[in-house]
Structure formats: C-alpha cells, structure tokens
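One structure is given here, and the rest of the page talks about it.
The values are calculated or read from the model by the stated rules, or taken from the named source; none is laboratory data. Treat the numbers as computed from the prediction; the structure is a model and nothing was measured. As a convention, Cβ positions derive from the backbone with ideal geometry for all residues, glycine included, and neighbour counts pool all protein chains shown. Note: accessible area is taken over every heavy atom of the protein model, side chains too, but ligands, DNA and RNA are not part of it. Shrake-Rupley method; radii C 1.70, N 1.55, O 1.52, S 1.80 Å.
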Amino acid sequence: MTLFAADTFDPEQARVFSAGFSERIEELLTTFLAEQHEVISQIAPAAGEIVTAINDLTRGGKRLRPLFAFWGFVGAGGDPNEENIVRAGAALELFQAAALIHDDLIDRSDTRRGQPSMHRRFESLHRASGWHRDAPRFGEAASILAGDLCLSLSEQLFATIEPSVPQARSIFDRMRAQVMAGQYLDVLEESAGPAYGPADAVKRARTIVRFKSAKYSTENPTLLGGALAGASDELLEQYSRFALPLGEAFQLRDDVLGVFGDPAVTGKPAGDDLREGKRTEIIAHALTLASDQDQAFIQGRLGAEDLADAEVTRMRELLESCGALAATEDSIAQLSDQGFAALEELEVSPMARHALRTLGLAAIRRTS
C-alpha cells in the first residue's frame with residue numbers, strides 16, 4: 001500500500017490503514033510476549049505468570065499512542081507497510097503498560113479498564129493460592145516487577161529497529177525520563193498537599209499534566225514516527241505544535257472523568273481521583289475559586305483514608321458550583337483549538353491530516 005499526497009482521498013481508506021496497523025501491533029505483541037513467556041518459564045514455570053499478566057493488560061485497547069506514531073510516520077513520507085513503525089508502536093504499548101502498572105500501585109487503584117489492577121491481581125492470586133505472609137505486600141512487589149519487566153521489554157523491542165535512527169532513539173529516551181519526572185512531581189504534589197498553597201497550583205498541575213501524560217500520549221509518539229521516517233526539523237516542530245496541546249487536553253479530560261465519569265464506562269469508582277487525593281487542574285482551580293470554607297474542606301479531606309461517599313458527592317458538587325469544572329472545560333477547549341489550528345499548518349498529505357484530526361478528536365472526546 002502506498003499513500004499519495006493527493007488533494008482528494010477516501011476517509012474510509014484512512015480508517016482501513018489505522019485498523020490494519022492496529023492489527024499488526026496486536027500480532028507483534030502476541031508473538032513477542034509468547035516468546036518472552038517461554039524464556040521466563042524456562043527459569044521456573046511459576047515465573048511465567050508475570051508475562052501472562054502483562055499480556056492480558058496489553059491485549060486490545062485503543063492503540064492511541066502507536067496510531068499517533070503511525071500517522072506521524074506516514075505524514076513524514078514513511079511507507080505504511082514498514083515493519084519498524086510497528087516495532088516502535090509495540091514498544092510504546094509496553095512502555096504505557098509499565099506506566100499504568102506503576103501508576104495504579106502509586107495511586108492504590110483497585111481497577112484498570114474494568115479489571116483488577118496489577119497489584120490487586122497478584123494479591124488475589126496470593127489469597128486464592130493460600131500462601132503465607134502478607135497478600136497485599138506480595139501484590140505490590142509483583143506489580144513493581146511486572147512494571148519493571150514491561151520497561152525492559154519495551155526497550156528490548158525498540159532496540160530491534162534496524163537501522164537505528166539516532167533522533168528516534170533520543171526521542172524515545174527523553175520520553176521515558178519525562179514520564180518518570182512527571183510522575184514524581186505528581187507524587188510530590190499529593191504529599192506536599194496544603195503545604196504548597198494555592199498560589200501556583202494551576203501552573204504546577206499543568207506541568208504534571210505535560211510531563212507525566214501529554215508528551216508521551218501524543219507529542220512524543222508523533223515525533224517518534226516522524227523521526228523514523230526522516231522528518232525535517234521543521235515538520236517535527238509542526239508536529240509538536242499540533243500534538244502537545246491535544247495531549248494536555250487529553251489528560252485534562254481524563255482528570256474530569258476521574259471525578260465526574262460514569263463508573264460503568266470508565267471502569268473506576270465514582271470520584272476515584274478524589275479518593276486517591278489527585279491534585280489535578282480541576283482541584284487547583286477550586287483552590288482559587290471556592291469559598292474559604294470550601295477550600296478548607298478540600299484541603300482537609302481530599303485523599304483522606306476515611307473519605308465518605310457523602311463527602312465525595314459534596315466535593316463533586318462544589319467543584320461544579322464554584323466554577324472549577326467550567327474552568328477546566330475552558331482549558332480543554334482552548335488547548336483543543338490550539339492543537340487543531342496547528343494541524344491545519346502541517347505539511348502532510350490530506351489523508352494524514354484527516355487521520356491525525358480523527359485521533360485528536362477521539363482523545364479529547366473520550367468517555368473512558
């Protein structure tokens with residue numbers, strides 16, 4: 001299959017390209033993880049369970065990050081049949097799996113995509129097996145190791161890209177460092193709590209959004225695909241102007257869903273971020289917009305171990321009534337407009353532009 005920079009194209013063809021690429025990602029991950037399961041099971045059969053758990057986590061999904069990489073690659077003139085972009089996409093999926101596993105452990109989340117999170121899965125295995133000592137501690141230890149293995153496998157798969165592209169390697173390495181730094185800042189913000197004060201809360205929240213999520217969700221995958229196709233510095237800069245604002249809007253949408261999302265759709269309990277004590281942008285806005293009394297309530301009860309359902313309801317109501325939800329929705333709209341305006345300036349084929357717009361819309365309109 002070859003893409004031409006024609007003025008007209010069939011949108012259905014773009015969908016077919018995306019679906020075909022996603023299928024190739026699925027096939028590669030299935031084969032690669034089966035090979036890793038065999039390698040690790042040779043150490044001891046019981047050790048294979050960690051790869052089985054990783055395989056279950058990575059199966060299916062929206063493939064958002066690989067698809068941004070794919071269309072960044074195609075937009076820069078890459079051959080959609082090229083194997084290297086599939087390897088890069090699969091490496092991104094394994095990196096995301098590592099981030100999800102560790103994030104769920106840090107946040108003490110019970111579920112992921114409607115299923116038990118990794119540490120809860122292994123905790124349940126411990127209980128069902130009737131093993132000795134502490135089941136939660138076993139689950140935590142196993143999930144750390146599963147996340148570490150995902151990081152290792154992500155690097156292992158990325159290293160199979162031949163010939164190596166130094167710029168792509170640099171983007172991949174920088175992406176991983178950015179996520180770790182952003183995750184640390186997230187933990188720091190939760191731990192510091194009221195000690196930091198509300199003055200720069202919105203700025204701090206946006207920094208966390210940018211480095212913990214936005215860059216690795218949209219910007220770096222698009223840059224990675226472009227670099228693998230030999231994109232010019234100018235095109236890569238255009239990619240950043242398009243993808244980064246949409247990545248930030250994507251995470252802000254996730255933050256809204258973490259408070260107001262439907263549990264039947266998100267797979268997480270109502271108000272889950274409030275129970276976890278996440279100091280997201282919506283909370284940051286509340287700390288400047290709410291009354292002193294309501295601010296004191298948020299500061300004192302956000303993330304409390306004994307946070308009651310009634311308090312979750314009250315917190316959700318005041319986030320809406322004080323204007324914090326509206327302010328966050330305004331941020332999502334502004335960032336979306338910024339990203340889509342930059343999309344129109346991209347020097348790519350109409351098909352690539354259409355596909356990137358479709359991905360961007362899917363990101364900011366998500367409900368789960």
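A few remarks follow.
- With contacts taken as Cα pairs under 8 Å and at least 6 residues apart, the range 201-337 reaches a relative contact order of 28 percent.
- The chain - mean residue ellipticity at 222 nm from DSSP helices (-39,500 (n - 2.57) per run, n ≥ 4, rounded to 500): -23500 deg cm²/dmol
- At 1.002 mPa s and 20 °C, Stokes D of the range 156-244 from Kirkwood alpha-carbon radius, µm² per second: 149
- Dimensionless Rg/Rh of the chain - Kirkwood Rh, Rg from C-alpha atoms: 0.98
- Simple spin-label estimate for residue 187 and residue 131 in nanometres, 7 Å along Cα-Cβ: 2.3
- Among 159-168, 278-287, the order from most to least packed when residues are scored by Cβ within 10 Å on average: 278-287, 159-168
- Whole-percent pair-distance distribution, where bins are 10 Å wide, for the alpha carbons of the range 232-366: 12, 36, 26, 17, 8, 1
- For peptides 18-30, 98-110, sequence by mean Cβ density within 10 Å, most packed first: 98-110, 18-30
- Taken over the range 101-149, the convex hull of the Cα atoms encloses 66 Å³ per residue.
- When the convex hull of its Cα atoms is projected in every direction, mean area for the range 1-118 (nm²): 8.8
- For the chain, size of Cβ-based charge dipole, Lys and Arg +1, Asp and Glu -1, in debye: 380
- Only protein atoms count toward the accessible area here, which uses a 1.4 Å probe; on the chain, the carbon and sulfur part of that area reaches 53 percent.
- With the biggest extent put first, the Cα atoms of the range 62-137 measure 56, 21, 18 Å across the principal axes.
- Potential lengthening between residue 309 and residue 46 on full extension [0.36 nm per residue; Cα-Cα distance subtracted]: 90.7 nm
- Only Cα pairs under 8 Å and 6+ residues apart enter the sum, and on that basis the relative contact order of the range 13-158 stands at 24 percent.
- Measuring how big the range 236-281 is from its alpha-carbon positions, Rg and Dmax come out at 13.5, 39 Å.
- Formal net charge of residues neighbouring residue 339 (Cβ-Cβ distance under 12 Å; K, R +1; D, E -1): -3
- Å² of accessible area per residue within the chain, as computed with a 1.4 Å probe and no ligands counted: 44
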